[in-house]
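The values are calculated or read from the model by the stated rules, or taken from the named source; none is laboratory data. Just so you know, these numbers come straight off a predicted model, no measurement behind them. As a convention, Cβ positions derive from the backbone with ideal geometry for all residues, glycine included, and neighbour counts pool all protein chains shown.
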Amino acid sequence: SLLAGHAQEADEANYDESKIPPYTLPALLKTSDGREITTVQQWEQIRRPELLSVFTEQVYGKMPADKVDVSYKKLDDNHSAVNGSATRKQIEITFSHNGIERKALLLMYLPNHVKTKVPVFLHFNFQGNQTVSSDPDIIPSQYSDRPRGNQASRWPVEKIIDAGYGLATVHYFDFFPDSKDRYAESILALFGHPSEGDIPADGGQAIAAWAWGYSRVMDYLETDWQVDASTIILMGHSRLGKTSLWAGATDPRFAIVISNESGCGGAALSRRQVGETVNRINHAFPHWFCKNFRRYNKKEGELPIDQHELLALIAPRPLYVASAEEDRWSDPKGEFLSTAYAGEVYKLYGMKGLETTTMPTVNMPIMNRVAYHNRTGVHDVTDFDWENYIKFADKWLK
Ligand code: GTR
């Protein structure tokens, strides 16, 4: 199981602040050849593209640029879902390329009380569409026999609908079944990359494939007459939080980006080496990052980037990073610090980052253009998280 692997690794993990090896973070506002970045224009034209290509080649990997044929088939459009308050749509998206086909099943709930195009939370699910709600009409996702409603506590559908937002979700396995033995079933097969051995050192693997999936769902949302595609809130938890940050960095169409407990390779600073490290994650999940990322196993100091620079790639769009106090494996403090440091770029835009490097009290969100909270509890997605994400979206979209 997922947990067995990491309980074992966690034994050797460091959680002691006094044992963090001394480190210097790469300067966000200085190019690799030492030029200072002092304006938005220099950021957008010089430094941002430079960082984006380093993250692509060394961390997450490239996706082939080939244009894939896409078709949408509406399987369901029901106006009396969620006790009549929502419209449920289910869309089968078929991707074809090089004679190969892959399918993704999109589930959406849209609020009936909003008469204009709606903003939508786009959030992939871990266990299959049927697990987000006990709604008996959800078509089960391929690759999952998990029971209906199994993950419903993470999906407060009514709360989201009442607040005037839509919800869009896909089982993340549709883009890459999350296992090192399942390349052949993934979306990478469309590009002739059916096995691990075929992927080049800077080639995208699962995280790149999931991020590609987020962008392809965005393509669909742009075509849906009920959706305001300029107000899509991209959200991901844990490995999908790493993914939402990467998708947000690579695809500027997402209006707001939220990372829930994304940890190592997500919002947490790699150089702190608290909880999960680059070495542990690349061993436990060799299919997530690009192969080049393994160069930095136990050599975090040699990384040309750190994760505050990933967060900065979201600027000037609103960004929310959240941690959970007992989720020490994700290094809440490391997530907080990188979020604070990313504020430098927001400042260039004349916007407010977190404006502090002191961690806030638990359950007390800081909510500027950049937001952060550390809630009580374990690794999970809770009502507290959602309530604050809705507040944040209201603040910037309404
Ligand atoms: C863990 C992994 C984390 C995080 C988490 C999750 O096993 O070590 O990086 O991604 O899974 O996705 O729930």
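In this structure, ILE281 does satisfy being among the β-branched types (Val, Ile, Thr), within 11 Å of the ligand (Cβ to nearest atom) and in contact (Cβ under 8 Å) with a residue 12 or more places away in the chain. Looking only at residues in the stretch 52-63 that are in contact with a helix residue (DSSP H, G or I) (Cβ under 7 Å, 6 or more places away or on another chain) and more than 30 Å from ILE138 (Cβ to Cβ), the one that is surrounded by the most Cβ atoms within 10 Å (Cβ to Cβ) is TYR60.
Among the residues of the stretch 338-353, those that are touching a residue at least 60 places away in the same chain (Cβ under 8 Å) and either in contact with a strand residue (DSSP E or B) (Cβ under 7 Å, 6 or more places away or on another chain) or surrounded by fewer than 24 Cβ atoms within 10 Å (Cβ to Cβ) (or both) comprise THR339, TYR341, ALA342, GLU344, LEU348, TYR349.
In the set (1) out of contact with any strand residue (DSSP E or B) (no Cβ under 7 Å at 6 or more places or on another chain); (2) closer than 30 Å to GLN273 by Cβ, the condition left unmet by THR56 is number (1). Just checking, does the stretch 211-223 include any residue being in contact with a strand residue (DSSP E or B) (Cβ under 8 Å, 6 or more places away or on another chain), within 16 Å of the ligand (Cβ to nearest atom), part of a loop (DSSP other than H, G, I, E, B) and closer than 16 Å to HIS123 by Cα? No, the stretch 211-223 contains no residue that is in contact with a strand residue (DSSP E or B) (Cβ under 8 Å, 6 or more places away or on another chain), within 16 Å of the ligand (Cβ to nearest atom), part of a loop (DSSP other than H, G, I, E, B) and closer than 16 Å to HIS123 by Cα. For the stretch 71-95, the candidate set comprises residues that are exposed (fewer than 15 other Cβ atoms within 10 Å of the Cβ) and touching a Ser or Thr at 6+ places or on another chain (Cβ under 8 Å); within that set, the residue that is farthest from GLY204 (Cα to Cα) is HIS79. All of (1) surrounded by 12 or more Cβ atoms within 10 Å (Cβ to Cβ); (2) acidic (Asp, Glu); (3) touching a strand residue (DSSP E or B) at 6+ places or on another chain (Cβ under 9 Å) hold for ASP66 with one exception: (1).
Scan the stretch 66-87 and tell me whether some residue there is modelled with pLDDT under 95, more than 16 Å from the ligand (Cβ to nearest atom), at negative phi and not polar (S, T, N, Q). Looking for residues that are modelled with pLDDT under 95, more than 16 Å from the ligand (Cβ to nearest atom), at negative phi and not polar (S, T, N, Q), one finds at least one in the stretch 66-87, hence yes. Here THR24 clears all of (1) in contact with a strand residue (DSSP E or B) (Cβ under 8 Å, 6 or more places away or on another chain); (2) modelled with pLDDT of 95 or more; (3) of a type outside the set (Gly, Ala, Ser) except the condition numbered (1).
Based on this model, can you work out whether LEU188 counts as among the hydrophobic types (A, V, I, L, M, F, W, C), within 18 Å of LEU311 (Cα to Cα), at pLDDT 95 or above and buried (at least 24 other Cβ atoms within 10 Å of the Cβ)? When the stated conditions are applied, LEU188 does not pass them. Within the stretch 284-310, being surrounded by fewer than 19 Cβ atoms within 10 Å (Cβ to Cβ) and within 11 Å of the ligand (Cβ to nearest atom) holds for one residue alone: ALA284.
Among the residues of the stretch 249-262, write down those that are in a loop (DSSP other than H, G, I, E, B) and either more than 10 Å from the ligand (Cβ to nearest atom) or over 11 Å from the mean Cα position of the chain (by Cα) (or both).
Start the filter on the stretch 249-262 by keeping residues that are in a loop (DSSP other than H, G, I, E, B), which leaves 251-255, 261-262.
Across the stretch 249-262, the qualifying residues are ASP251, PRO252, ARG253, PHE254, ALA255.
Criterion applied to LYS347, LYS352, LYS398 was being modelled with pLDDT under 95 and more than 25 Å from PRO22 (Cβ to Cβ), and the one residue passing it is LYS398.
Summed over the stretch 354-368, residues that are surrounded by fewer than 21 Cβ atoms within 10 Å (Cβ to Cβ) and under 18 Å from GLU309 (Cα atoms) total 3.
If you take the residues in the stretch 236-262 that are under 22 Å from VAL114 (Cα atoms) and among the aliphatic types (A, V, I, L, M), which one is surrounded by the fewest Cβ atoms within 10 Å (Cβ to Cβ)?
ALA255
Among the residues of the stretch 62-105, those identified as under 26 Å from the mean Cα position of the chain (by Cα) and not in a strand (DSSP E or B) are MET63, PRO64, ALA65, ASP66, LYS67, VAL68.
One residue alone among ILE207, ILE233 is over 8 Å from the mean Cα position of the chain (by Cα), within 16 Å of the ligand (Cβ to nearest atom) and among the β-branched types (Val, Ile, Thr), and that residue is ILE207.
Kindly establish whether ARG272 is among the charged types (D, E, K, R), buried (at least 23 other Cβ atoms within 10 Å of the Cβ) and within 16 Å of the ligand (Cβ to nearest atom). Spelling it out, ARG272 is indeed among the charged types (D, E, K, R), buried (at least 23 other Cβ atoms within 10 Å of the Cβ) and within 16 Å of the ligand (Cβ to nearest atom).
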